[in-house]
Amino acid sequence: MKRLFATATLALTAALTAALTTAHAQPGSSTSRPPIRPLGPVAAATTDSLGTITNVRALPGGRLLVNDISARRVLLLDSTLAIVKVVADTTPGNPNAYGSGMASLLAFRGDSTLFVDAQSLSMLVIDANGEVQRVMSVPRAQDAMMLAAGGVGAGAFYSNGHLVYRGMPAIRMQMVNGTPQMSGIPDTMAITRVNLQTRVVDTVGFVKIPRSLPTITRTDDGKMNVSIEVNPLPVVDEWAVLPNGDVAFVRGRDYHVDWVEANGTRRSSPKMAFDWKRLTDEDKAKLVDSVKTLLDKQAAANPGQGAAMATAFGSMMGGGAGGGAPRVQMMIRAEGGPPGAGGPVRAPQVAPPRINVVTASELPDYQPPFFATSTRADADGNLWVLTIPTKPQPAGSVYDVINGKGDVIERVLVPEGRQVLGFGPGGVVYLGKRDGTSTVIERARVN
C-alpha cells in the first residue's frame, strides 16, 4: 500500500509542480520575506557509481554515510566523496546484511548512526569510522516499516533516549459484493516516540496528511480496476526533529510552527510571512484541468508507471499484476456475509490504476505553502521547507530556512534537477542529482 500511494504521489506532485510553475500567479501579500539567493557552488561530487539514494548521514571530517537502496548497501565516503568502505550489503555471509525490505539511516547518539532494517527487525549501530559496533532490535515490530521509511516523509529521528517517527496508518479493508474496499483512511497522523530503554510509547503530536481513498471495482472477467481520487492541493502539516531534540510541527493552514521541546514544553511561534495566493473559481478549474492533462501525458509517456502501481496493489492483495502466485496473504472478511466467508484471498488481475483529481470546488481558497514530505531539519538547528511557488521564480527549488524562533531567515535556491539528501554542520548541504539510473551526490554550502 505504501508503495502504491508513493508512486501515485510522485506522479501527482510532478504534474502539479509543472502546472503551478507555468500558471500565472497573482500578486500576494509579500511582507518582509528574505530575497531568494542561490546555494553556493558544488565543492565536491561523487564519481563512483551509486544507485537510488534516500538519505545520508554527515560524519566528522566531511565523511558521509550513504544509504543506496537500489544497490542494497550502506557506504562510507571520505571528504572527497569517494567510497572508502562498504558498511553493509547483500554479500552472502556478511554479518552486516542489508535486507530486501525498507531500510534507513538515523542519526544516533553523538557521531554514531542507526541503520534500521525493517525486514530483519534490527538496527545496526555504526560508529563514526563506519564500523558496526553492535546490533539492536527495533523497539516494536509493528513500527519497523515506519522507522525504516527514511525516503518517505520525515522518516525517524533519535532524541534524548527516544526514537521519534510517524505512526502507522490504520487502514481497514472489507469485502463488499465480492470486491475488497478500503475505508477509514485518516486525514491526521500521530507523531510517536518510544523510549529505547523502557519501550514506553507516547504521542508527541499530530499532523494533517493528504487523504486519498481508492475505489475498487471488479469486471465480469474478474479483473480489478482501481482508481485513486486525490486532491492536488491539500492543506497539510509537516514535522521534523532538530539536533537539540525539539520536535517542530509546521502548520500548512496559516504557516506557523508549533514546538515540543525535549523536556516536553510546548510553545508556538507567530505566523510567518508568505506570498499567499488566493484561488478564484476560475483558477481552481484551470488548475484541475492542467493537472488532469499533465497526468494523462505522463501516463502515455511512461506506461511502466501504471504497471508498477498495479504490481504494488497486486502484491498487497496477495499476488502480482498478472495474477501470479501470491506473495502476501491477507485475511479479508465480508461483513454481513455467510459464516466462513472470511479467509485467505488470492489476488485477481489488477489493471493499471488511474489517478483521478477531485472537483475544483474541493480545492482550498488559498494555495498552501508546501506539499507533504517537504520539510527537513539541518545540522545547525534550522528547518528547511520546500515551498510551492506562487509567482515566477528562478529555475530550481526554493526553500524557506526557519530558525528555532520560527522566523524565516533565508530563502535558498537549490539548482534545478537536484534533491536535498541531507545536511552537514556549518551550512553544508548534500544534494542528489539523477543521471539516468544512477545518482551523483554533491556537496555545497549556503553562502
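The values are calculated or read from the model by the stated rules, or taken from the named source; none is laboratory data. What you are looking at is a predicted structure, and each value in this text was computed from that prediction instead of being measured. Neighbour counts run over all protein chains shown; Cβ positions are idealised from the backbone, glycine included.
Side notes on the structure shown:
- If you check 309, 316 for being in a helix (DSSP H, G or I), under 29 Å from residue 385 (Cα atoms), modelled with pLDDT under 55 and of a type in the set (A, V, I, L, M, F, W, C), only one passes: 309.
- Pairs meeting the criteria (first residue in the stretch 408-428 and aliphatic (A, V, I, L, M), second residue crowded, with 18+ Cβ neighbours inside 10 Å and outside any strand (DSSP E or B), beta carbons under 8 Å, at least 6 apart or on different chains) are 408/272; 409/382; 412/39; 412/446; 413/39; 414/39.
Quick grid of which residues meet (1) in a loop (DSSP other than H, G, I, E, B); (2) closer than 30 Å to residue 205 by Cβ; (3) within 25 Å of the chain's Cα centre (by Cα):
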position: 249; (1), (2), (3): no, yes, yes
position: 253; (1), (2), (3): yes, yes, yes
position: 259; (1), (2), (3): no, yes, yes
position: 270; (1), (2), (3): yes, yes, no
position: 284; (1), (2), (3): no, no, no
position: 290; (1), (2), (3): no, no, yes
position: 294; (1), (2), (3): no, no, yes
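- Checking every residue in the stretch 77-89 against the condition of being surrounded by 22 or more Cβ atoms within 10 Å (Cβ to Cβ) and either of a type in the set (Asp, Glu) or within 22 Å of residue 244 (Cα to Cα) (or both) gives zero matches.
- Of residues in the stretch 93-108 being under 24 Å from the mean Cα position of the chain (by Cα) and over 16 Å from residue 69 (Cα atoms), the one surrounded by the fewest Cβ atoms within 10 Å (Cβ to Cβ): 108
- Residue-level check: of (1) modelled with pLDDT under 95; (2) within 25 Å of the chain's Cα centre (by Cα); (3) farther than 30 Å from residue 112 by Cβ; (4) not aromatic (Phe, Trp, Tyr), residue 221 misses just (2).
- Matching strands (runs of 3 or more DSSP E) fully within the stretch 196-244 where at least 3 residues are in contact (Cβ under 8 Å) with a residue 12 or more places away in the chain and within 20 Å of residue 376 (Cα to Cα): 201-208, 237-241
- Among the conditions (1) among the small types (Gly, Ala, Ser); (2) surrounded by fewer than 17 Cβ atoms within 10 Å (Cβ to Cβ); (3) part of a strand (DSSP E or B), residue 432 misses just one, which is (2).
- Screening residue 395 with (1) closer than 30 Å to residue 49 by Cβ; (2) in a strand (DSSP E or B) gives one miss only, at (2).
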